């Protein structure tokens, strides 16, 4: 037990160490957990976060909001999604969330229970086709 890690003296916080360091290799049936902090308390801030997942056809398996205790209206969102950080579509989503919100905490990517492929192969294929299309358009610059 470690003392002095709580943000309030009456809190009792317990942690479980899942892995010492590193991220498990993808299995094709993975989940990723993150925490996204609001950049500001304003209408539509959650919508802006959720649009990043919807735009990439990434399925959320859990979404919870928690107060940050930094002031009225300041929240963070605990999110579990299908896919692994090594998946390009997941990585692109997290990158854009980081750019737009500035504070994203990566909790981990890990094998999910079961034996089916969670991440949509269609989403990955569509993302790869969009990358190729964009690369082709950029290849025309200066010609």
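FYI, it's all coordinate maths here, none of it is from the lab. Predicted, not measured: the structure shown is a model, and the values here were computed from it. No Cβ is skipped: glycine too gets one built from the backbone with ideal geometry, and neighbour counts run over all protein chains shown.
Considering all different alpha carbon pairs of the stretch 30-139, the Kirkwood hydrodynamic radius works out to 14.8 Å. Between residue 137 and residue 99, the modelled label-to-label distance comes to 1.4 nm, taking each label 7 Å out from Cα in the direction of the beta carbon. Test of understanding: extend the Cα→C-beta vector of residue 130 to 7 Å, then name every residue of the stretch 72-88 with backbone N under 13 Å from that spot. Only 88 fall inside the zone, counting backbone N under 13 Å. With a Förster radius of 25 Å, plug the Cβ-Cβ distance of residue 27 and residue 47 into 1/(1 + (r/R0)^6) and report the FRET value to the nearest 0.05. Working from the Cβ atoms, E equals 0.20.
Here the simple spin-label model places points 7 Å from the Cα toward Cβ, and for residue 107 and residue 54 these points are separated by 2.3 nm. When you work out D = kT/(6 pi eta Rh) for the stretch 23-88 at 10 °C and 1.306 mPa s, using the Kirkwood radius from C-alpha pairs as Rh and the Stokes-Einstein form, the result is 122 µm²/s.
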